[in-house]
Structures are given as structure tokens and as C-alpha cells.
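Reading through the C-alpha cells given below for one structure.
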Amino acid sequence: MLNNACWITSPRDAGVAVYRYQKSFALRNKPLKKATLQASAIGVYTAELNGARIGNAVLTPGWTSYKHRIQVQTYDVTGMLRAGENLLSFGIGQGWAVGCIGYGHDNHYTADHVSLIAALTLTYADGTADTVATAPGWDVLTTPVLSTDIYMGETVDQTAPVEPVGKAVQDTVKTRLIPQVGEWITEHERIAPIAVLRTPKNELVIDFGQNMTGYVEVRIHAPRGSRIVMHHGEVLDRDGNFYNANYRSAKNENIYICSGEEDVFKPSYTFQGFRYIRLTEYPFDVADPAAFRAIAVHSDMKRTGHFLCGNEKINQLYHNIIWGQKSNYLDIPTDCPQRDERLGWTGDTQVFCRTGAINYDTSRFFRKWMGDVALEQTPEGAVKGVVPAALKNGDTRISAAWGDAACVVPWELYLAYGNKADLKRNLPVMKKWVEYMHSTGPAEFLWLGGMHYGDWLAMDAGEDSYVGATSNDLIASAFFAYSTSLLVKAGEALGEDMTEYRTLYRNVRAAFRDYFMENGMPKAEFPLTEVTVRKHETVDSVRRGMTQTALTLILHFDLCEETERPALAAKLVELIREAGNRMTTGFVGTPYLLHALSENGYSDVAYTLLMQEQNPSWLYSVCHGATTMWEHWNSIKEDGSFWSTNMNSFNHYAYGSVFDWIFGVACGIKTDPNAPGYRHINIAPHPDRCLGFADTSIDTAYGTVRVHWYYKGDRVAYEIEIPQGTTATLTLPNRPPVELQAGSWMF
Ligand code: BGC
């Protein structure tokens, strides 16, 4: 790959952020068969041939564990060449590799300057070929991009002269070049403003009606030198004023300086998370909405899942879940797209990945990310809080429910797509993670102590605590058992001998029951054993076992005996009732809570939680105007104030994982783990009048699976579609299971 090309960089700093690296070359005077460009960069690059943009991807080469590998993009540019002289050029912004990444502006995480590598191969009809490859001596010029940074935004000055900087110099980059593995990042919806506002503070604000990830394009004809300064925000404050204090140090500031001609501005090397923009400076007193378009940017995954029901609020929740995913599946699965994080938090990723794989075909997306997980896993098997690495050691932890992404993600992908090659590639990662937990000591079959994120943002340790009340030891040991069980299943699916891990699983499960439970119930309290907690995390010295999250994990991870289930489930329901028919769970308990209820005969209570509108609940944010998922149940409080400024994202998809209950239980579509990828489908809908009807489908490799249920008087009617090449087992409420062949069925 990239024959004869070498890494190059600018010979000097000429005071701009982005330089143009260019090379002119002549086509030979004979028929050209094919022209292929391969390129990559430390930073993010744009490529042009004869002034026209190459390809439709943005933010290339994407974000991988740069230290280990960088993707190379390949473009067919045959149609872009012209007879005689041609000009190949590149711009490179700092991107994730060089710019601000992580808390507190950890600049230059990978490198302290950008570099480029590229090769254009010209293949002629007579079989000969020429290569135009990056080498010292390429021309380097300034560009109008004066500053650019993922968190900070971009400044483009169309009045700035383009000046020669000198000749490119050779650079040394130590990493492995690999072909593009993930999906391309591309532009998607173009959204027109729904309103142009003058806020009470007399600021000019544009509302695009949808919180999203991407950037705003402005078309403007304004006097030369006039400035557009644009800030981004997700919500207005309770007085209706522009607000973005929750972005923390990430400025999200785009500045455009007009040429005096018609200009079209949008950033080329960064992106923002926003619904609103404030025109902090603007050449005119009014803003014409026609001049602005918000462009959604995300990984180009194929949409596979669809859902509609008779309840508008639940439909809005689903809309918010979809937009949460679009906003956060931008090359890597991120926590949020706006503040100074946008990191591949492993916990958020594993929580949402089942829902993610229903909504979109995420197989390629996760093939790439799991590759980085594998590369960054420590020799001991630890998987850190964020992948690709972007935080200093003290800022990331080896935490239960985060590191477990190592087992949960491969297993969920296998269920969704049935791809054994992917599972096989990830099996060593799963094993190493389980071995890591096994080695944590002091008890062989438990994970006690350590630094965890715990039941992050749960509500049962006081409203302002970042961590819930559930014992971290209990959570960590429950996940030790769960991940080991997934490893056993994965190994068995691949035909491996899993005797050793089956024994380990039995031991962990027994140790868990012994240490954390008595008389079939979790014990009430445990001592705090964490090494340290961050200062903003309020953690009581006593950690609890009798919580909604603990009961949920015990039930859903099968850490109880069958005979113990009724009492455990009844206790869970009792705690939910005591909390006013509400949950108190955070990142760890919430994804499984409704499953734990329905699996134990309490679908009615699961529906009560789903339909709850009081905080904490899924519909609380919907009732408060959300268009994406919020980080906190009550990111905006009842009185209109904000939960906090420093941890309050309005585009955090984790709680959107509730859709895998809506899809898998309320609508009732689940793949059979023994015939994954929906080759055999278990269909078991749990209809409820509160939804009116539910109509959901997923496009699988075999075709579309669809379940539609609705009420006909007192009766529930079902329409079911099973694609060719698959079979299904249908279990309707209070009826024995029946086997279905491919086709359309009505009951
Ligand atoms: C992120 C989370 C993440 C967490 C770890 C936060 O700052 O936004 O979503 O999982 O840190 O506790």
C-alpha cells in the first residue's frame, strides 16, 4: 500500500492552522485506464484534484488507535483527471491526533504536528503505470483556515492571501497503515432552520429544531472582511437565552471572514454537537433562514430498524434514540458529540450496542472499533474507560461495566449478524478481559476493590451524586460472572473447548452468591472498598446491595436460583413502587431493568416505567422538549434550571438502550442465540394498550422481519413477516409456542 510514498509535513509554521500540500503532474499522452488515490494523515485531511473535492467522506482518515494503526482511504479518481497538467492537493487539520482531546486540553495526544502520506497511481491502457507520491519537495502553501480543532471550532478567512510556505519535508511516523476498516464518515440530512430568534438578551439565535452532530453551512454575500462568529448550543436556558456552559472548555466556535463575493462556509476539519447557533457576530441585523443549513454528519451505516406505535411520546422517544445514535456513531462510538469529551467511552458503548445494531447495520463500524479495543488491551487484559486512548492514566479507569465492552460488544454483534469470523477475531479479547478480572484479587472469584465508575448517574445516592448507591464490588463481580458467561457462549458457538471457563463461571457465580447474597436476597450493605473516587463523585462510605440495580443484575445475569426469582422480582417491584413507580437506576442498571421485570412476569411494571413521565423516566425528557437522549434523567429540572454545568450533555445515547426492550420484548423480536443473525427468530410480543399499536421491523441479511400488533376491540391482532431462509417460533401471550415458516402471517 502507498508504494513509494513517504510521510511529509510543512517545513515551517507560517501562522495558519491548515497548509495545502500540492503537486502538479502531467498525464502521458496515451489512454488512461484507471487512476487510484490512496491517502492518509496524522490529523484529518481533505483531498482535491484540479480544485474538486475527492470523494464524499469527511474527517478522513477517521479515528483509530493511531499509535497502532491508521486507516488509508482509496478513491477512484479516473473521471477527475484531464489531459495534460493536473494538480493534486491536500489540506490537513489537527483532528483527533494533534488537537485538543480529553479533559483540560490534552493537546497533541498522538503527535505535535500533522503529516500526510498519499500516492496516486495512474494506470494506462497499455499496462504501464505512473505514481505521484508524497515526497519531500511537494509545494506547501497557506490556506484560509487560520485555526481548527475538534473541540474549539474553525476559523476561515477568505481575505487571507494564499502564500507559499516552502517545500514539504520528510517526516517520520511510526504506525501501521491499514486499509479503511470502518464505515466512511459522510454528510447526511441538510436541515433548514425552524426559527430565527432574538432572545431576551437580544442575541441573534437560529433554531434548527433538532439536536444533532455535524456543522452549519452558511451562504452569504457580505462586504469583504465582515465577520460571522458562530457559537453552538443544545438548549436555551429557562429564560429563552442561548446557553452552552455545558460544553465546558470546548468552544465550538466557528469564525468566517467574508471575501466580498458570494461565500459558502462550513468547517472542513471539525464538527459540532448542537441544535442552536448564536450569531455572536453577523454582518447584518437580520439572518435569512435560507442562508443556513445544519448538516448532520455520522458514519455511513445502513439503517435497518424501524418502529412506530400509537403513542406520540414513545414515537418521539424513538426519534430521540435514533438521533442519539446518529450523533454518537461518528467513526467511533462516543459518549456525546459536543463538550470536551466525544470519546469512545466503553461503558456507554456496551450499554447501547444492542439497540445500535437493531437501528443500523453496525457490523463494519464495530469491526473497526473492536480492533482498537484489541490493540489497546493491556498485556494483563485490562480494557480502559475510553478507546481509542485519549486520556491520561489518572483520567481513565479500568472499570467494571466499562471494560466489559470487551465481551458484551462481540457477543451482541454475533447475535445481531451471526458472523463467526468477527466473533473468532474477538474471542482472545474476551478471554483476556475475563482473565484480567480473574486476576484482580484479593478473592479469586470476585472483583473487589479497584476504581470503578459504578452505577454512573443513578438516582439512589442523592440527587447530586454522580454515582448511585449500589456497591461497586457487587456490580464488578456481577459483571465478572456475566462476561464469563458470554465468553463461554462465544467459545461454544465457535466449537472451542470451554471447560475451563465453564468451571470459572460456576465458581464466580457461587462466590457471588456467597459474598453478596443471603437467603436468596442481596445483603443490604457492604463497606466501601474503592481505592479513590474523584472529588465530584459523592460516594457514601456504605455501599448498598438492596437496590434496583443490584436486583436487576442478579435477575438478568442469572445469579439466582429459579426458586429465588419470585421473591427477588417482587422485591424489585416493591422498590420501584416505593420510588413512586420510578426507577433509581443509572448506566449499569437501566439497560437491563425492563428486561429483568418482563423475564419475571412483570411486563406491566416495565410498561409503567416506560410510560412514566415524572423524573426519573424516559418520557421526562420527551415531555421537556428533548430531540435526543439526555445524559441525566433530569438534565433540565422541573423548574427549568440545569442539573449541572459540568456534566450535562443533551446528546448522550446510553439511556436509549431502552429500545432493545421495546423492540425485543414489547414488539417481541429476538434472534435465537443458536441461530443468530435472525436465522431463527423467537417472536414473543407483549402488547399493551398504552402503546395503542406497535409496528416494528428489522432488515436482516435474509430480508425483513416484521411484527405489527394492534387492538381489535378486546382482541389483539398480529401481523408477522418472516423472511425466506429463516424460521420462527411464535409465542403469543397465554398461548403455546408455534413454529412459523417464512411468509406473512396473521393471528
Ligand atoms: C462520560 C460518560 C462516561 C463517564 C465515565 C463521562 O464523562 O460522558 O458517559 O461513561 O464519564 O463515568
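The values are calculated or read from the model by the stated rules, or taken from the named source; none is laboratory data. The model shown is predicted, which means the values in this text are computed figures rather than measured ones. Note that each Cβ is placed from the backbone with ideal geometry, even for glycine, and that neighbours are counted across all protein chains shown. The accessibility values were calculated without ligands, DNA or RNA, using every heavy atom of the protein model including side chains. Shrake-Rupley method; radii C 1.70, N 1.55, O 1.52, S 1.80 Å.
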>> What does the C-alpha gyration tensor say about the overall shape of region 635-693? Classify as rounded when a/c is under 1.5, otherwise prolate if a/b is larger than b/c, or oblate.
In response: oblate
> Based on the Kirkwood radius over alpha-carbon pairs, what is the Stokes-Einstein translational diffusion coefficient of region 420-543 at 4 °C with 1.567 mPa s viscosity, in µm²/s?
Replying inline: 83
> Rolling a 1.4 angstrom probe over the protein heavy atoms, how many square angstrom per residue are accessible across region 611-747?
Replying inline: 37
> Which order do Glu380, Glu234 take by accessible area at a 1.4 Å probe, largest first?
Replying inline: Glu380, Glu234
>> Tell me the accessible surface of Ser147 in square angstrom (1.4 angstrom probe, heavy atoms of protein chains only), to the nearest ten.
In response: 50
> Between rounded, prolate and oblate, where does the chain land on the alpha carbon gyration tensor, with a ≥ b ≥ c its root eigenvalues, rounded for a/c under 1.5, else prolate if a/b exceeds b/c?
Replying inline: prolate
> Going by accessible area, probe 1.4 Å, with all protein chains left in place, what is the ranking of His452, His68, largest first?
Replying inline: His68, His452
>> Students often get this wrong, so check it: of Lys384/Lys432; Lys384/Lys431; Lys489/Lys571, which have C-alpha atoms separated by over 19 Å?
In response: Lys489/Lys571
> Where a ≥ b ≥ c are the square roots of the eigenvalues of the C-alpha gyration tensor, would you call region 397-480 rounded, which needs a/c under 1.5, or, failing that, prolate if a/b is larger than b/c, or oblate?
Replying inline: oblate
>> Are there DSSP H segments in the chain that both extend 18 Å or more along their axis (alpha-carbon positions) and score a mean Kyte-Doolittle hydropathy of at least -1.0? List them, or say none.
In response: 346-359, 363-376, 420-438, 472-493, 499-516, 565-578
>> For a protection proxy built on the mean count of beta-carbon atoms within 10 angstrom, sort 407-417, 48-58, 314-324, 160-170 highest first, please.
In response: 407-417, 314-324, 48-58, 160-170
> What distance in nm separates the simple spin-label points at Ala675 and Glu163, each placed 7 Å from Cα in the Cβ direction?
Replying inline: 7.1
>> What distance in nm separates the two pseudo spin-label positions at Ser24 and Arg176, each 7 Å out from Cα along the beta-carbon direction?
In response: 4.1
> Does a label point 7 Å from the Cα of Arg224, set along Cα-to-beta-carbon, have any residues of region 139-169 with amide nitrogen under 14 Å, and which are they?
Replying inline: 158-162
> Between Asp558 and Glu719, what FRET efficiency follows from the Cβ-Cβ distance if R0 is 56 Å, with the result rounded to 0.05?
Replying inline: 0.95
> Could you give the distance between the Cα centres of region 301-335 and region 397-434, to the whole Å?
Replying inline: 23
> What are the aspartates and glutamates whose alpha-carbon lies under 16 Å from the alpha-carbon of Lys201, with same-chain residues fewer than 8 places away excluded?
Replying inline: Asp237, Asp239, Glu281, Asp285
> Hey, got the dipole for the chain? About the Cα centre, +1 on K and R Cβ, -1 on D and E Cβ, debye to the nearest 20?
Replying inline: 1520
> Length gain on complete extension for the stretch Leu308 to Glu613, per 0.36 nm per residue less the alpha carbon to alpha carbon distance?
Replying inline: 107.9 nm
> Counting only heavy atoms of protein chains, what accessible area per residue, in Å², does region 297-441 have with a probe of 1.4 Å?
Replying inline: 25
